[in-house]
Amino acid sequence: MSGTGVNLGALAEFNVAVVLDAIRRHPSGVTRTRVSTLTALSGMTVSNVCRRLVEAGLVIERATPAKGRGKPPKLLTLNPGGGFAVGVHIDPAVITYALIDLSGRVRERIRTATPTVQDPAKVVREMAAMVDALLLTAAVDRAKVLGVGVASPGPIDPATGVVLNPPMLPGWHRVELRSALHLATGLPVLIEKDATAAVVSELWFSEPGARRNFAFLYYGTGFATGVAIGGSAVRGVSSNAGDTAHVPVDPGGPVCACGRRGCVGVVTAPRTLVAHAVHHGVLTENQAGDTTDVLQVGAAFGLLADAADAGVPEAVEILTTAARQIARALVVVINLLDVGEIVFGGPFWSRIAPLALTTLPEAVRSDPGLVVPHGIRFSESAIPDDVAAVGAATLVLDNSFSPRPEALRIATEAHPPSGADGVTRP
């Protein structure tokens, strides 16, 4: 590891990750002796690792004021400007970019309309250009960027970095996103489902031990649930855990693409609620626009939320009904996983939160199907804006700082080999 740049592969070594994690959990500073105690690593190992981290500019070691006899101990703290991570959230409507430093503070954000979502190659070119713009705007040395995390609608294959065939991204079939973005940016790339990326960010920004067993309800253009058990994100066999969009909540509801009626992902989708608003006279057809256009749906959904905030009865009823339907799906999640907390977030959540949070918690608690004996907490994300993009950037820090065996693999090859089936392999 040299002082001119960050070697993410070396940084991910287990002992380095253990030491970094211990240091970052003590923002006011921690001694090498204390790190050795916390990590159960030998004093020599801790000293060697700390020396490397100081040389790389990731950690600062400063002397403390002398008190009495003897040499005063030195305190280790993270150097926030010593490294950075970029997060990218791909949504059918917008792509959000976030740059965070080692402390997790967001240094810069950029949002752009998703360019011709049916053309993945064009999207990748746009993403690479916007990553460059993000670093330029923030005046960040590219050599200090640990990597790029991408939060994508699922299903994905993180082992190969391939976006498989997400319903929310028409035209994306087995897109080799990780290798394509790596080649376009020259940076290491991680890929994760958007709801799981949100879970990682909640774990990262929460106080140690504060959130260990929870479900993250992601409400955006799509509907998904991320899960944390025992303080770790649950990914599943193929890293696609959390697809709750097909939980039936309304037997008389519209037909879902899966063939069932009343799946929560359909009946509570913003476009469905906008259509209800038109039917009940809350919005005109001109206000609703084209319900197949995600940007127009977003604008119309905002008008629906405004009407509900103003107390328009029909608008209130539409969003209240949606909150009760979401509650039915959450009862299934709570019973299945025995989580103690539901965290809400996503790009459309903030517009319905005031009304939903007056209805949804009681709807869950009073549901006759709820079987867990403990109370359920309901809270909003610790990240007020762009939780998936910030979560994607946090993936890079989490992979570097957190000594977990399930850490994602990183593509660092300049020219990854291709298998016989045409899929780029790590």
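Summary of computed values
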| quantity | calculated |
| --- | --- |
| Value in Å of the Kirkwood radius, where the stretch 8-78 supplies the Cα pairs that are averaged | 12.3 |
| Long-range amide H partners of residue 378 with built H, under 5 Å | 342 |
| Helical mean residue ellipticity (222 nm; -39500 (n - 2.57) per DSSP H run of 4+; nearest 500) of the chain | -12000 deg cm²/dmol |
| Degrees, to the nearest 10: 14-24 long Cα axis against longest axis of the chain | 80 |
| The chain: relative contact order as a whole-number percent, Cα under 8 Å and 6+ apart | 18 |
| Label-point separation, residue 229 to residue 335 (7 Å along Cα→Cβ), nm | 1.8 |
| Under 17 Å from residue 71, Cα to Cα: aspartates and glutamates that are on another chain or at least 8 residues apart | 61 |
| Lys/Arg +1, Asp/Glu -1 at C-beta; the chain dipole; positive extreme among 233, 72, 369 | 72 |
| Long-range tail of P(r) for the stretch 209-380 (Cα pairs > 28 Å, %) | 21 |
| Charge dipole (the chain, unit charges on Cβ, about Cα centre) - positive-most of 279, 316, 204 | 204 |
| Size of electric dipole in the chain: Cβ of Lys, Arg +1 and of Asp, Glu -1, about Cα centre, debye, nearest 20 | 1880 |
| Paramagnetic label zone (point 7 Å from Cα along Cα-to-C-beta, residue 213; backbone N under 11 Å) in the stretch 335-364 | 337-341 |
| Listed residues 286, 15, 79, most fluctuating in the chain (Gaussian network, C-alpha, under 10 Å) | 286 |
| Principal-axis tilt of helix 194-205 within the chain, Cα atoms, nearest 10 degrees | 50 |
| Helix 313-337 vs. the chain, principal-axis angle (Cα, 0 to 90°, nearest 10) | 50 |
| The stretch 315-374, relative contact order [Cα under 8 Å, separation at least 6], % | 57 |
| Cleavage-rule hits, trypsin sites (Lys or Arg not before Pro), the stretch 85-132, DSSP coil, Cβ neighbours within 10 Å at most 14 | 105 |
| Given charges at beta-carbon only (K, R positive; D, E negative), |dipole| of the stretch 8-78 in Debye | 420 |
| Which of 29, 156, 175, positive extreme of dipole for the chain (C-beta unit charges) | 29 |
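None of the figures in this text is laboratory data; all of them are computed from the coordinates on show. Remember, predicted model here, so these are calculated numbers, not experimental data. For neighbour counting, all protein chains shown are included, and Cβ atoms are generated from backbone atoms with ideal geometry for every residue, glycine included.
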